[in-house]
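The values are calculated or read from the model by the stated rules, or taken from the named source; none is laboratory data. From a predicted model like this one, the values you see are computed outputs, not experimental measurements. Cβ coordinates were reconstructed from backbone atoms using ideal geometry, including for glycine residues, and neighbour counts include every protein chain displayed.
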Amino acid sequence: MTPGESLQAVLWDMDGTLVRTEELWMAAEENTMAAFGGHWDAQDQAVAVGGPVDRVLEYMAERVGRPVDEVGAKIVGEIEHLMRTEHIPWMPGARELHRELTAAGVPQALVSNSWRGLMDTALQELDTSFDVVIAGDEVERPKPDPFPYLHACERLGVDPAATVVLEDSPTGVAAAIGAGCWVVGIPHVSDIAPGPRLVLVDSLVGLTADGLAQLVGQGRLPVSG
């Protein structure tokens, strides 16, 4: 059985799943809060993981007593600058899996709570592309609502039950499960609780198109030897 016979598509989260950007976001958030006389630490960062962006901005604005739009404009400038001047590394195993899926003809979408401009910048820096890109500022209901993943499936013309979502946050996992997709969770910053149609792995290293097809077809990933 080829991947395409059981696996119709793979949907990727971006930050913490496709690329390692947590350090960049942490720096951007620290710089933004400092500019308004505030402070940002690891506990605040844990609140921000997975977004959605509007919730994070509201949290930051409340902390420093400034308008959300003002805080938003500052952090966008900070993260765009860092993305263009600092190296954006792929998460372990992500580049290899993305290339294998592309070679196998499996459609792929990038689905993030991040802004479209930041997603475009990341893809440009990585020199890669996806069949469909769904940005958090282009949907009315971002993750943890299932809509972004359902919308990606609709755009690709695939059945959510025959797709696999790759996610690193509880917010994204909740959205993917709610959409009826199979989910591979890769806990990175936040823990992910067990759930239906969900398998947890330490990283994407060693995951293959055939393995993801087995998850859809048999409900489990292959056991590595």
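Here is a list: Ile88, Ile79. Which entry is surrounded by 16 or more Cβ atoms within 10 Å (Cβ to Cβ), assigned to a helix (DSSP H, G or I) and either among the β-branched types (Val, Ile, Thr) or in contact with a Phe, Trp or Tyr (Cβ under 8 Å, 6 or more places away or on another chain) (or both)? Outline the logic, then answer.
Working: Ile88 fails: assigned to a helix (DSSP H, G or I).
Every option except Ile79 fails the conditions.
Which of the following residues is of a type in the set (Gly, Ala, Ser) and either surrounded by 21 or more Cβ atoms within 10 Å (Cβ to Cβ) or in contact with a helix residue (DSSP H, G or I) (Cβ under 8 Å, 6 or more places away or on another chain) (or both): Ala34, Ala46, Ala73, Ala104? Talk me through it step by step, then tell me what you get.
Values: Ala34 fails: either surrounded by 21 or more Cβ atoms within 10 Å (Cβ to Cβ) or in contact with a helix residue (DSSP H, G or I) (Cβ under 8 Å, 6 or more places away or on another chain) (or both); Ala46 fails: either surrounded by 21 or more Cβ atoms within 10 Å (Cβ to Cβ) or in contact with a helix residue (DSSP H, G or I) (Cβ under 8 Å, 6 or more places away or on another chain) (or both); Ala73 fails: either surrounded by 21 or more Cβ atoms within 10 Å (Cβ to Cβ) or in contact with a helix residue (DSSP H, G or I) (Cβ under 8 Å, 6 or more places away or on another chain) (or both).
That would be Ala104, the only listed residue that is of a type in the set (Gly, Ala, Ser) and either surrounded by 21 or more Cβ atoms within 10 Å (Cβ to Cβ) or in contact with a helix residue (DSSP H, G or I) (Cβ under 8 Å, 6 or more places away or on another chain) (or both).
What residue, of Asp210, Asp202, is out of contact with any Cys (no Cβ under 8 Å at 6 or more places or on another chain), under 27 Å from Ile88 (Cβ atoms) and either surrounded by fewer than 24 Cβ atoms within 10 Å (Cβ to Cβ) or modelled with pLDDT under 95 (or both)? Walk me through it before giving the result.
On the way: Asp210 fails: under 27 Å from Ile88 (Cβ atoms).
Going through Asp210, Asp202 in turn, just one is out of contact with any Cys (no Cβ under 8 Å at 6 or more places or on another chain), under 27 Å from Ile88 (Cβ atoms) and either surrounded by fewer than 24 Cβ atoms within 10 Å (Cβ to Cβ) or modelled with pLDDT under 95 (or both): Asp202.
Just checking, does the stretch 113-120 include any residue being crowded, with 23+ Cβ neighbours inside 10 Å and over 26 Å from Asp44 (Cβ atoms)?
No; the residues of the stretch 113-120 include none that is crowded, with 23+ Cβ neighbours inside 10 Å and over 26 Å from Asp44 (Cβ atoms).
Just for the stretch 1-26: of the residues that are surrounded by fewer than 17 Cβ atoms within 10 Å (Cβ to Cβ) and out of contact with any helix residue (DSSP H, G or I) (no Cβ under 6 Å at 6 or more places or on another chain), which one is modelled with the highest pLDDT? Write out each step before concluding.
The initial filter retains those residues of the stretch 1-26 that are surrounded by fewer than 17 Cβ atoms within 10 Å (Cβ to Cβ), namely 1-2, 4-6, 22-23.
Narrowing the set further to residues that are out of contact with any helix residue (DSSP H, G or I) (no Cβ under 6 Å at 6 or more places or on another chain) leaves 1-2, 4-5, 22-23.
On the way: Met1: 43, Thr2: 55, Gly4: 55, Glu5: 61, Glu22: 83, Glu23: 86.
Of everything passing the filter in the stretch 1-26, Glu23 is modelled with the highest pLDDT.
If Leu57 satisfies all but one of (1) out of contact with any Ser or Thr (no Cβ under 9 Å at 6 or more places or on another chain); (2) farther than 26 Å from Phe147 by Cβ; (3) surrounded by 15 or more Cβ atoms within 10 Å (Cβ to Cβ); (4) not polar (S, T, N, Q), what's the number of the condition it fails?
Looking at each condition in turn, Leu57 falls short on (2).
Regarding the stretch 55-76, can at least one residue be identified that is of a type in the set (A, V, I, L, M, F, W, C) and under 16 Å from Thr171 (Cβ atoms)? If you could, list the steps in order and put the result at the bottom.
Filtering the stretch 55-76 for residues of a type in the set (A, V, I, L, M, F, W, C) gives 56-57, 60-61, 64, 68, 71, 73, 75-76.
Next, only the ones that are under 16 Å from Thr171 (Cβ atoms) stay: 56-57.
Yes, some residue in the stretch 55-76 is of a type in the set (A, V, I, L, M, F, W, C) and under 16 Å from Thr171 (Cβ atoms).
Go through the stretch 91-101 residue by residue and tally those that are assigned to a helix (DSSP H, G or I) and surrounded by 14 or more Cβ atoms within 10 Å (Cβ to Cβ). Walk me through how you get there before you give the answer.
To start, the set of residues in the stretch 91-101 that are assigned to a helix (DSSP H, G or I) comprises 94-101.
Filter once more, keeping what is surrounded by 14 or more Cβ atoms within 10 Å (Cβ to Cβ): 94-98, 100-101.
Of the residues in that region, 7 qualify.
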